[in-house]
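Take a look at the structure below.
The values are calculated or read from the model by the stated rules, or taken from the named source; none is laboratory data. Not measured: the values here are computed from a predicted model. Cβ: placed from backbone, ideal geometry, glycine included. Neighbour counts: every protein chain shown. Ligands, DNA and RNA are excluded from the accessible area calculation, which covers all protein heavy atoms including side chains. Shrake-Rupley method; radii C 1.70, N 1.55, O 1.52, S 1.80 Å.
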Amino acid sequence: MTEDQPTPKTDGGTDSVSSDDVALDPWGSSTIEDYRKLFEQFGIEEFDAEEVPEPHYLMRRGAIFGHRKYERVAEAMANDEPFAALSGFMPTGDPHIGHKMVFDELIWHQQQGGEVYGLIADLEAHSARGMSWDEIDEHARSYLLSFIALGFDPEEGELYRQSDNRPLQDLAFEIGSTTNFSEFEAIYGFGGETNVSHMQSVVTQLADILYPQLDEPMPTVIPVGPDQDPHVRFARDAAARMRYFKVTEAFASFELDDDERALFRDLYDALESDDGVDTDDLRCEDAAKHLAEFAIGDADTATRESLHEKLENGGKEPIRPRVRFLDRNASEAAFDTLIEEIPGEKRRYEAHIDSFDLDREEAADLAQKVEIEHDGYGFEAPSSIYHRFMTGLTGGKMSSSIPASHISLLDDPEEGYEKVKSAATGGRTTAEEQRELGGKPDECPVYELYAYLLAEGDDEFATRVYEECAGGERLCGGCKEQAAELMKEFLEEHQEKREEAKELLEDVDIDLSSDRRGLGGREEDDAV
Ligand code: TRP
Ligand code: SF4
């Protein structure tokens, strides 16, 4: 087995891969060695807080480092249009400061006017982690108390558990019929030994991600750690596949694949900017000649040859830019309605319709409207944001099997204090050296606590700690004492608020004593 072939485990997860490679494994023990590789390897985009109207502090501090198409959500937020945010929690242990980041992200989106959903991933906990239903109920309650204590408004948002949500399961079933086992193999490393309920929990998670759009499609953000990106990508893909129509641009009557279409666009642009060419009287055969003669676009040879052939076959057919509706899953009735509703000049083919007067956006809106009218979902591809995993207090990764490495939101405040006091730091060996060279806040788990949690919205304070440390004015002893005090205060206050949250949780329509029969549980240790 080579290192870039992940080893399947019996639960269907995969072992994480060597440190110089990046593996995104939702059930592995994720440590991300190099976040930049996520941009190159997986196409996660770099997060720029400046593009958000009033960015959250986790955005400003770089804790949220990546995204997929978050601009859709930022735009809706800026224009006061509907948007949603959803994330899920596997109830495998106590909520901890890593979950707090996600809770805060959801709460912030709620405060910005979004429809916010928090879900308990109980099917996943039972099938992929072997938790018993009793354990799941107990942990679920605890997650929700912390979520509410931190500021989630359950009256404005929705909380649910996967096992208890019928519309969600119906959606999962529908998504399941557009996916197959080979994809599970390729995406998650599942194999013949993977338990079937684990697969069901995956389609359920895809359904979770699209759930906010069940009533009405809208930009949706999924705040998660980067280990969840495979699910996000899969859900984006599932959303696209379930659409009735695919809207593309086109230039002539024949079909093009995506690469040919991109090359045709480059060719058309080149022809348009060529003074010697009259684009109003342009034939396919002329374009074929132009394509053969000039170096246009960066397509590969096969794409050039196939487009060239199609253009030659097109002969004297005039080239005219247009938008095309490709039939993907439309019923005949939906296809007919679409034709009727397209304004202006249009042409009907067997599996597509060309429209000459609509622009791309108008066409996409119309396709979505017709789809919804004809019992389709009309889903938009969901967006995501990714936060960094916090470093363990003991230096390595945070792990539930090393209690000193992380802080649970249920830790006794004194214990939290002690954990911070004994944390690893980015300090030098001696005080003299620290004064001379400065500490290394970028490598310090204590600084991370300040930046991601203790300083909250106070940027000035976070910057001061950073600069004092790097400048050698701050020594680790005092710095940890201050952080430990703040942690103690945070835990005290949070735990009081959890008490108050109990009453609010009573009123939430969620069943936390599920009374299910089932397997007894075989909990495994895990990264937190
Ligand atoms: N798989 C997630 C985890 O391991 C939990 C989860 C389930 C989730 N459904 C989701 C996260 C939907 C985000 C969105 O923690
Ligand atoms: Fe970390 Fe504080 Fe020491 Fe700097 S002074 S290395 S921030 S503990």
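Towards the positive end of the charge dipole of the chain, with charges on Cβ (+1 Lys, Arg; -1 Asp, Glu), say which of 386, 228, 368 has the farthest Cα.
Ranked along the dipole, the leading option is 228.
Summarise the accessible area of the chain (1.4 Å probe, protein heavy atoms) by the percent that is carbon and sulfur. Don't skip to the answer; put the middle values down first.
Working: 10630 of 24480 Å².
Percent of accessible area from carbon and sulfur atoms in the chain: 43.
Counting only residues 5 or more places away or on other chains, whose amide H sits under 5 Å from the amide H of residue 115 once H atoms are built in the peptide plane?
The answer is 83, 84, 85.
What is the distance in Å between the Cα centres of region 36-114 and region 156-194?
Value for the Cα centre distance between the two parts: 23 Å.
In whole Å, what is the distance between the alpha-carbon centres of region 439-485 and region 126-143?
First find each Cα centre; the distance between them is then 35 Å.
In square angstrom, rounded to the nearest 10, how much accessible surface does residue 108 have for a 1.4 Å probe?
20
Using alpha carbon coordinates only, what is the Rg to Rh ratio of region 199-303, with Rh defined as the Kirkwood radius?
Value, to two decimals: 1.17.
Along the positive direction of the dipole of the chain (beta-carbon charges: Lys, Arg +1; Asp, Glu -1; about the Cα centre), which of 172, 24, 343 reaches farthest?
24
Students often forget the sequence filter, so: which lysines lie under 19 Å Cα-Cα from residue 497 once same-chain residues fewer than 8 apart are removed?
100, 488
Could you report the accessible area of residue 447 in Å², rounded to 10, computed with a 1.4 Å probe on the protein chains as they sit in the structure?
Surface accessible to solvent at residue 447 totals approximately 40 Å².
Tell me, what HN-Hα J-couplings in whole Hz come from the Karplus equation 6.51 cos²θ - 1.76 cosθ + 1.60 at θ = phi - 60° for each residue of region 143-154, using x for Gly and Pro?
4, 5, 4, 5, 4, 5, 4, 7, x, 5, 9, x
Can you pull the Rg over Rh of region 101-220, Cα-only, Kirkwood?
Expressed as Rg/Rh, it is 0.99.
Return one quarter of the surface area of the convex hull spanned by the alpha-carbon atoms of region 281-403, equal to its mean projected area, in nm².
About 14.7 nm², averaged over all directions.
Can you run the Rg to Rh ratio on the chain? Use alpha carbon positions and the Kirkwood inverse-distance Rh.
Looking at the chain, the ratio lands at 1.03.
Between region 281-351 and region 357-433, what is the separation of their alpha carbon centroids in Å?
Each part's Cα centre sits 43 Å from the other's.
Just how large is the dipole of the chain about the Cα centre, in debye to the nearest 20, putting +1 at every Lys and Arg Cβ and -1 at every Asp and Glu Cβ?
Roughly 1020 debye for the chain.
What's the ranking of 409-416, 394-401 by average number of surrounding C-beta atoms within 10 Å, highest first?
409-416, 394-401
Please list, or write none, the lysines whose alpha carbon is within less than 23 Å of the alpha carbon of residue 246, excluding same-chain residues fewer than 8 places away.
Partners found: 69, 310, 346, 369.
For region 391-515, compute Rh as the Kirkwood radius over C-alpha pairs and then the Stokes-Einstein diffusion coefficient at 10 °C and 1.306 mPa s; write the answer in µm²/s, rounded to an integer.
Details: Rh = 15.9 Å.
It comes out at roughly 100 µm²/s.
Over all alpha-carbon pairs of region 226-286, lay out the pair-distance distribution in 5 Å bins, whole %, shortest bin first.
The distribution over region 226-286 is 3, 13, 17, 16, 14, 10, 8, 8, 6, 3, 1, given as percents.
Per residue of region 44-56, in order, report the coupling 6.51 cos²θ - 1.76 cosθ + 1.60 (Karplus, θ = phi - 60°) as ³J(HN,Hα) in whole Hz, putting x for Gly and Pro.
Calculated HN-Hα couplings, in order: 5, 8, 6, 7, 10, 4, 5, 8, 9, x, 10, x, 5 Hz.
Using a 1.4 Å probe on the protein heavy atoms only, what accessible surface does residue 60 show? Give it in Å² to the nearest 10.
Here the residue's solvent-accessible area equals roughly 100 Å².
At q = 0.19, 0.21, 0.24 Å⁻¹, what log₁₀ I(q)/I(0) does region 254-342 have when each alpha carbon counts as one equal point scatterer in the Debye sum?
-0.87, -0.98, -1.18
Per DSSP H run of n ≥ 4, the term is -39500 (n - 2.57); total these for the chain, divide by its residue number, and report the mean residue ellipticity at 222 nm rounded to 500 deg cm²/dmol.
Numbers: 20 runs with 233 residues, N = 528.
Per the formula, -13500 deg cm²/dmol.
Using a probe radius of 1.4 Å on heavy atoms only, what accessible surface per residue do you get for the chain? Whole Å² is fine.
46
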